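Below: the structure, in structure tokens.
The values are calculated or read from the model by the stated rules, or taken from the named source; none is laboratory data. Computed from a predicted model, the values in this text were never measured in an experiment. With ideal geometry, Cβ positions are generated from the backbone for all residues, glycine too; neighbour counts draw on all protein chains shown.
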Amino acid sequence: MRNFLRTDWILFGATIPLVVAGLSVLASFGAETQFFSKQIVWISISFTVFFIFSNIDWRFLREARFTLAVYVFAFILLATVSLSGTVIKGAQSWFDFGSFSLQPAEFMKLALIIVLAKYFSRRHIEIARIRHIFISGCYALVPFLLLLIQPDFGSAVIMFLIWLGTVSLSGISRKHLLFVFGCAAVSVSVLWFFVFSDYQKARIISFVHPLADIRSSGYNAFQSMIAVGSGEILGKGIGYGTQSRLQFLPEYETDFVFAAFAEEWGLIGSILIFIFYGIVIWRILRIGREGETNFESLFALGAASFFIGHFFVNIGMNIGLLPVTGVTLPFLSYGGSHLLMEYITLGVLVGISRRARKSRVEPAHQEIVL
């Protein structure tokens, strides 16, 4: 009972309105789909896993053997699905178990957060050396390439953002980081002017700027922008989102769930969910600041990078500022794999937070006794 009461209820509570917002979009279609009922099952499982994981002492993750085991296991799953997984919507990214599917890429993201936190926590004194950029980059590059093979560009982008966020906040020299990105920019320039053919350049332009061709590659982004704009201030109301109900807006339940929500709830509803996302990130960073060791702090920074990356990429592609990459919106988008991984991550963070609080209380208690 004591552990239950010590849960970070602000963090957990901030996710509830986001989950409900996603359900409201699915409920708009009533009996027309099974998304709503399936999502209820995944939410129940995710909540249960959150409370279980929040009661675990995660200090064992500081040991290299456990961290490596988590990373290798996630990598094996990702490699296996890349070779023999089920193709859904053009990407070989899923294990199909009949009644449900599992996407290993989601758990690879968590494994990357853990391994990067472990790597940098042991090298905080010599962190300024440039070799740590390359070594840590290799941890991210391996799954990044596997995801490109599938192809799952959205997850690959998130892998990069997790690495970039962790590296940038770990104490790495900014000069070294700029040097690496400078080299990457030169390499891309050489490829663009001397290697890529005209049709390859056209494909890249179409991907980066889809609105240049709204009848083809830019259709989804264009319809999403219409949906967001048509919601105006107060929205059209639940069940009255014409873009999604009339099937102009594709993937309303996953990639474009924000556009479907904004059409029905308007600017006011959108601002409210932004506030709740802000609370989630604030609590994660607060846990990182109070971490017992560097590992806990870096894990929280990696988790924050993950949620922030998903949020900005998804919102960006919904309002036409970023390419459509298939990135889900945390807690709102339909799907079990990403929702389960999100609550696992939060559960680990709460477990870390409990241990940090206990370590601060115990010395004071000992002083009184003595």
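Which residue pairs have Cβ atoms closer than 8 Å, lie 6 or more positions apart in sequence or on different chains, and pair a first residue in segment 338-349 that is not assigned by TED's automatic domain parsing to the domain that holds GLY302 with a second residue that is buried (at least 24 other Cβ atoms within 10 Å of the Cβ) and aromatic (Phe, Trp, Tyr)?
Going by the 8 Å Cβ cut-off, there are no qualifying pairs.
For (1) more than 14 Å from LEU340 (Cβ to Cβ); (2) in contact (Cβ under 8 Å) with a residue 60 or more places away in the chain, each residue gets a yes or a no:
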| site | (1), (2) |
| --- | --- |
| ASP96 | yes, no |
| GLN103 | no, yes |
| MET108 | no, no |
| SER121 | yes, yes |
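When you go through THR67, THR48, THR15, THR80 one by one, which is the residue that is in contact with a Lys or Arg (Cβ under 6 Å, 6 or more places away or on another chain) and either part of a helix (DSSP H, G or I) or within 30 Å of ILE287 (Cβ to Cβ) (or both)?
When all the criteria are applied, what remains is THR67.
Condition check ((1) buried (at least 19 other Cβ atoms within 10 Å of the Cβ); (2) outside the structural domain of LEU164 (by TED's automatic domain parsing); (3) over 20 Å from the mean Cα position of the chain (by Cα); (4) aliphatic (A, V, I, L, M)) across all residues:
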| site | (1), (2), (3), (4) |
| --- | --- |
| GLN223 | yes, yes, yes, no |
| VAL228 | yes, yes, yes, yes |
| GLY231 | yes, yes, yes, no |
| LEU234 | no, yes, yes, yes |
| GLY239 | no, yes, yes, no |
| PHE256 | yes, yes, no, no |
| GLY269 | yes, yes, yes, no |
| TYR277 | yes, yes, no, no |
| PHE299 | yes, yes, no, no |
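Taking segment 48-103 only, how many residues are under 26 Å from LEU346 (Cα atoms), of a type in the set (Ser, Thr, Tyr) and at pLDDT 85 or above?
Count: 4.
Yes or no, residue by residue, for (1) outside any helix (DSSP H, G or I); (2) among the charged types (D, E, K, R); (3) touching a His at 6+ places or on another chain (Cβ under 6 Å); (4) over 26 Å from SER136 (Cα atoms):
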position	(1), (2), (3), (4)
GLU296	no, yes, no, no
ALA304	no, no, no, no
PHE312	no, no, no, no
GLY316	no, no, no, yes
LEU322	yes, no, no, yes
THR328	yes, no, yes, no
LEU332	yes, no, no, yes
HIS338	no, no, no, no
TYR343	no, no, no, no
